[in-house]
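Novice: One structure follows; several queries about it will come next.
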Amino acid sequence: MPNMSKKQRRRKALADLKDAARTRQPVAIKIREGRGWNEDGVVLDVGKRWFLLAVIRDGAYPDGFQLRRTKDVRKVRVMTQFLPALVEDERWPLSWPGPALDLRDSRAFLPQLDGVATVVSIREFVRRPNSFWVGQLLGGGHKRFWLRTLSPECVWDDTHIRPKFDDLTQVDLFDDYSNALLRVAGPPDTFGHNDD
């Protein structure tokens, strides 16, 4: 079998993502950063530039949702071994808790997340491969958006960051880590200055 070109591999990965969204079978997704199969889950929707994934952790454990760029996907592989355990779970079938997202661009879907989740986690793999931020979305302009950050110490920071829409590579919602930070910190409207 001849080697596929980069363009052909991307087309196949996108077609496989769309097929996974149609069948709603659990899949493993290989992303260009790092080695191995980076994410397991159920593809819920695929847009022009982004897709929505219901994340499945080891042991067929649902752990929130992820938005990822379609251009970063290298391969999609069906993972049927999770299906029996998922079907027994009261959360099956996995579904998005909000209205349909406009997945053509991060400028389109980020404002939609404000009414769905209190906090989100964002990543910029290209610019900062090992960093991510958890926080509250506060709107944005043409090139950048505002995020009030929630620290790993479960404190709402007094400062805000302004990432570029175009630098965004991943957004997580309702995952256990972000939920734990929010549970300890309390809602963002309690944020204030620390007197220490």
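The values are calculated or read from the model by the stated rules, or taken from the named source; none is laboratory data. These numbers were taken from a predicted model, which means no experiment stands behind them. For neighbour counting, all protein chains shown are included, and Cβ atoms are generated from backbone atoms with ideal geometry for every residue, glycine included.
This table checks each residue for (1) aliphatic (A, V, I, L, M); (2) under 16 Å from Asp175 (Cβ atoms); (3) touching a strand residue (DSSP E or B) at 6+ places or on another chain (Cβ under 6 Å).
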{"residue": "Trp50", "(1), (2), (3)": "no, no, yes"}
{"residue": "Leu53", "(1), (2), (3)": "yes, yes, yes"}
{"residue": "Gln66", "(1), (2), (3)": "no, yes, yes"}
{"residue": "Asp102", "(1), (2), (3)": "no, no, no"}
{"residue": "Ile122", "(1), (2), (3)": "yes, yes, yes"}
{"residue": "Pro152", "(1), (2), (3)": "no, yes, no"}
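Novice: Would you tally the residues in segment 169-180 being in a loop (DSSP other than H, G, I, E, B) and modelled with pLDDT of 95 or more?
Specialist: Final tally of qualifying residues: 2.
Novice: For segment 25-48, state whether one or more residues are farther than 30 Å from Ala180 by Cα, in contact with a helix residue (DSSP H, G or I) (Cβ under 9 Å, 6 or more places away or on another chain) and modelled with pLDDT under 95.
Specialist: yes
Novice: Out of everything in segment 153-168 that is part of a loop (DSSP other than H, G, I, E, B) and within 30 Å of Arg104 (Cβ to Cβ), what residue ends up being nearest to the chain's Cα centre (by Cα)? Please lay out each step first, then the result.
Specialist: From segment 153-168, those part of a loop (DSSP other than H, G, I, E, B) are 153-155, 162-163, 168; that's our starting set.
Checking the rest, the ones that are also within 30 Å of Arg104 (Cβ to Cβ) come to 162-163, 168.
Working: Arg162: 19, Pro163: 16, Leu168: 11 Å.
Among those that are part of a loop (DSSP other than H, G, I, E, B) and within 30 Å of Arg104 (Cβ to Cβ), it is Leu168.
Novice: Looking only at segment 112-135, how many residues end up being at pLDDT 90 or above and either in contact with a helix residue (DSSP H, G or I) (Cβ under 7 Å, 6 or more places away or on another chain) or in a loop (DSSP other than H, G, I, E, B) (or both)?
Specialist: Count: 7.
Novice: Further question: Within segment 175-190, which residues are within 16 Å of Val116 (Cα to Cα) and surrounded by 14 or more Cβ atoms within 10 Å (Cβ to Cβ)?
Specialist: Asp175, Ser178, Asn179, Leu182, Pro188
Novice: Mind listing just one residue for me: the one in segment 132-174 that is acidic (Asp, Glu) and surrounded by fewer than 20 Cβ atoms within 10 Å (Cβ to Cβ) and, of those, nearest to Leu103 (Cα to Cα)?
Specialist: Filtering segment 132-174 for residues that are acidic (Asp, Glu) and surrounded by fewer than 20 Cβ atoms within 10 Å (Cβ to Cβ), the one nearest to Leu103 (Cα to Cα) comes out as Asp166.
Novice: Could you please find all residues in segment 114-131 being surrounded by fewer than 19 Cβ atoms within 10 Å (Cβ to Cβ) and either among the β-branched types (Val, Ile, Thr) or in contact (Cβ under 8 Å) with a residue 40 or more places away in the chain (or both)?
Specialist: Selection gives Val116, Thr118, Glu124, Val126, Arg127, Pro129.
Novice: Now a separate question. Looking only at segment 84-113, filter to residues that are touching a residue at least 24 places away in the same chain (Cβ under 8 Å) and of a type in the set (S, T, N, Q); which one of those is farthest from Gly59 (Cα to Cα)?
Specialist: So, considering only residues that are touching a residue at least 24 places away in the same chain (Cβ under 8 Å) and of a type in the set (S, T, N, Q), the one farthest from Gly59 (Cα to Cα) is Ser106.
Novice: Please verify whether Thr169 is touching a residue at least 12 places away in the same chain (Cβ under 8 Å), touching a Lys or Arg at 6+ places or on another chain (Cβ under 8 Å), among the β-branched types (Val, Ile, Thr) and not assigned by TED's automatic domain parsing to the domain that holds Arg57, treating the condition exactly as stated.
Specialist: So Thr169 passes the test.
Novice: Now, a different point. Condition first: in contact with an Asp or Glu (Cβ under 8 Å, 6 or more places away or on another chain) and more than 14 Å from Thr23 (Cα to Cα). Now tell me which residues in segment 78-103 satisfy that.
Specialist: Phe82, Trp96, Ala100, Leu101, Leu103
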